[in-house]
1. Tell me whether segment 87-108 contains one or more residues that are in contact with a Leu (Cβ under 9 Å, 6 or more places away or on another chain) and among the polar types (S, T, N, Q).
2. Among the residues of segment 414-421, is there at least one that is in contact with a Phe, Trp or Tyr (Cβ under 7 Å, 6 or more places away or on another chain), at positive phi, surrounded by 18 or more Cβ atoms within 10 Å (Cβ to Cβ) and modelled with pLDDT of 95 or more?
3. Only one of (1) closer than 26 Å to R274 by Cβ; (2) open to solvent by 10 Å² or more (accessible area, probe 1.4 Å) fails for Q180. Which number is that?
4. Scan segment 185-239 for residues that are farther than 23 Å from L257 by Cβ, surrounded by fewer than 19 Cβ atoms within 10 Å (Cβ to Cβ) and touching a Ser or Thr at 6+ places or on another chain (Cβ under 8 Å) and jot them down.
5. Among the residues of segment 341-352, are any among the acidic types (D, E), free of Cβ contacts under 8 Å to residues at least 60 places away in the same chain and open to solvent by less than 40 Å² (accessible area, probe 1.4 Å)?
6. Among the residues of segment 199-212, what is the count of those that are assigned to a helix (DSSP H, G or I) and not small (G, A, S)?
7. Give the residue, chosen from F147, F191, F211, that is farther than 20 Å from V239 by Cβ and under 24 Å from the mean Cα position of the chain (by Cα).
8. Only one residue in P477, P455, P442 is surrounded by 20 or more Cβ atoms within 10 Å (Cβ to Cβ) and either among the charged types (D, E, K, R) or under 30 Å from G244 (Cβ atoms) (or both). Which one?
Amino acid sequence: MTTTFVRHFGHQSTRRLVGAAVALVALIGCNADRLSIPNFNESLVDQPADRALLQNAVSGILGEQRVLMAGLVSNVGIFGRESYNYTSSEPRNITLFLATFPLDNSGFTNGQWDGRFRNMRNAVNVIRQVAPATFINDAEKNAVRGFANTMRALDLFYVIATRDSLGAPTIIDSLAPTPQAFVNRDSVYRFISATLDQAATQLSSAGTTAFPFRLTTGFVGFDTPATFLQFNRALAARVLVYRGSMGCGATCYTQALTALTGSFISSTATADLRRGVYHVYSPSSGDLLNAISRQTAPDQLAHPSIRPDAQRQAGGVLLDNRFITKVRTIPTRNAPGGIAVGIPTDVDFNLYIDQTTPIPIIRNEELILLRAEANIGLGLLPAALTDINDIRARAGSLPPIAAFASPTAAIDALLYERRYSLLWEGHRWFDLRRYDRINTIPLDIPTHFRVRVMPVPQAECLARQLVIGAQPALRAPGCP
């Protein structure tokens with residue numbers, strides 16, 4: 001339920017900064033990449049608010065997002081036919097994702113909801129609790145607000161990207177006696193943009209101060225308010241490009257280009273396409289491993305279409321360098337249950353090789369392609385062509401495209417580059433839906449179907465049923 005209650009800690013600076021929900025998520029400790037588990041038996045009240053408690057709250061927000069990232073990549077990878085999960089002991093990874101229509105809202109396919117809203121509530125609580133705090137100054141408070149609002153917006157982005165036409169609640173109030181109403185998709189995206197803009201203002205107001213907490217090493221280079229602002233603007237550009245492709249058009253595309261100028265985008269010859277912000281993992285005691293790494297999840301395999309769809313380098317012999325580096329050939333694996341439930345595959349990802357391999361949140365290669373997409377949306381095809389050919393050459397070792405024959409051809413080229421540049425990073429399914437190309441997703445066997453949205457969890461539906469009575473507007477879309 002989006003308004004699952006957490007204990008309210010009042011407005012006094014002597015109250016604890018982190019709610020019970022924060023204490024229940026994986027907390028990354030004060031050395032940033034290792035966990036420091038607080039004493040759950042100590043009193044939640046009458047403790048002086050201090051930087052250690054703030055660190056735990058911030059680490060809890062990052063920890064929850066880190067936990068959810070692997071599941072997101074796996075889920076949308078299956079929906080977008082980038083990947084399969086062929087775990088022999090769990091056939092529901094096939095039957096529930098690919099062959100049960102509509103999706104079961106009480107099963108595997110209802111994820112990326114509770115944890116996201118819990119984390120958004122954590123962010124709101126942090127903002128509320130630092131307001132009266134005396135252990136940080138006003139500039140530091142703005143830095144905290146800018147961080148929390150950025151991460152809140154990112155969580156809500158993942159919610160609406162997975163639910164799309166169902167919409168979502170945007171108001172987070174742990175004190176409200178009833179759930180918050182759903183709003184439509186466009187309203188959710190506008191709220192995300194506004195929240196990111198508010199966070200940008202807060203980060204800018206922090207001046208040259210440092211964050212009064214530490215981030216993980218996945219934020220190296222983006223770990224001060226000024227540099228974190230570049231991460232914020234990168235996320236803002238992504239959201240604006242999504243909005244542009246879904247009806248906002250030129251207004252959002254123009255704003256996206258502006259946001260990109262404030263991000264860390266770089267297309268110089270020496271620019272690192274991998275530079276960006278990542279979720280990091282560690283084998284340290286009590287810490288978290290990458291749940292979709294080859295070592296952790298050897299049954300997460302690539303969809304076989306990745307090979308025949310890859311373009312060839314000059315000379316016609318070698319495939320796209322991204323295919324060569326990101327995918328490997330393996331002995332043929334069959335779906336649990338055989339060809340009655342899924343097709344065999346002999347390709348596996350060469351990504352997330354070990355349990356500590358980071359998962360990207362956003363990186364420079366995506367930003368360059370976002371700029372190309374915005375320019376296509378604005379009809380500036382030569383500018384878009386420059387960026388697409390840059391990525392083709394540097395990432396794919398592919399020959400340049402001479403010119404786009406039409407805007408449609410430009411979108412075709414863009415989606416190809418995004419597919420291989422951002423392979424299994426959680427984008428393909430969203431991209432196909434944004435451009436109304438869900439029907440291009442292959443149906444491997446007749447019993448499979450194409451998914452457009454993940455359902456609202458059954459628990460959310462049932463919780464709302466209890467209070468609908470005189471408030472029918474609180475019904476969740478898609479619920480029985």
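The values are calculated or read from the model by the stated rules, or taken from the named source; none is laboratory data. Just so we're clear, the structure is a prediction, and the values are computed from it rather than from any experiment. Using ideal geometry, Cβ is built from the backbone for each residue, glycine included, and neighbour counts are taken over all protein chains shown. Just the protein is used for accessible areas: all its heavy atoms, side chains included, with ligands, DNA and RNA removed. Shrake-Rupley method; radii C 1.70, N 1.55, O 1.52, S 1.80 Å.
1. The answer is no, given that none of the residues of segment 87-108 is in contact with a Leu (Cβ under 9 Å, 6 or more places away or on another chain) and among the polar types (S, T, N, Q).
2. no
3. (1)
4. If the condition is that a residue be farther than 23 Å from L257 by Cβ, surrounded by fewer than 19 Cβ atoms within 10 Å (Cβ to Cβ) and touching a Ser or Thr at 6+ places or on another chain (Cβ under 8 Å), then S187, A210 are the ones that fit.
5. Scanning segment 341-352, I find at least one residue that is among the acidic types (D, E), free of Cβ contacts under 8 Å to residues at least 60 places away in the same chain and open to solvent by less than 40 Å² (accessible area, probe 1.4 Å), so the answer is yes.
6. Of all residues in segment 199-212, those assigned to a helix (DSSP H, G or I) come to 199-205.
Okay, now just the ones that are also not small (G, A, S), so 201-203.
The qualifying residues number 3.
7. On the way: F147 fails: farther than 20 Å from V239 by Cβ; F191 fails: farther than 20 Å from V239 by Cβ.
Just one listed residue meets the conditions, F211.
8. Details: P477 fails: surrounded by 20 or more Cβ atoms within 10 Å (Cβ to Cβ); P442 fails: surrounded by 20 or more Cβ atoms within 10 Å (Cβ to Cβ).
Among P477, P455, P442, only P455 is surrounded by 20 or more Cβ atoms within 10 Å (Cβ to Cβ) and either among the charged types (D, E, K, R) or under 30 Å from G244 (Cβ atoms) (or both).
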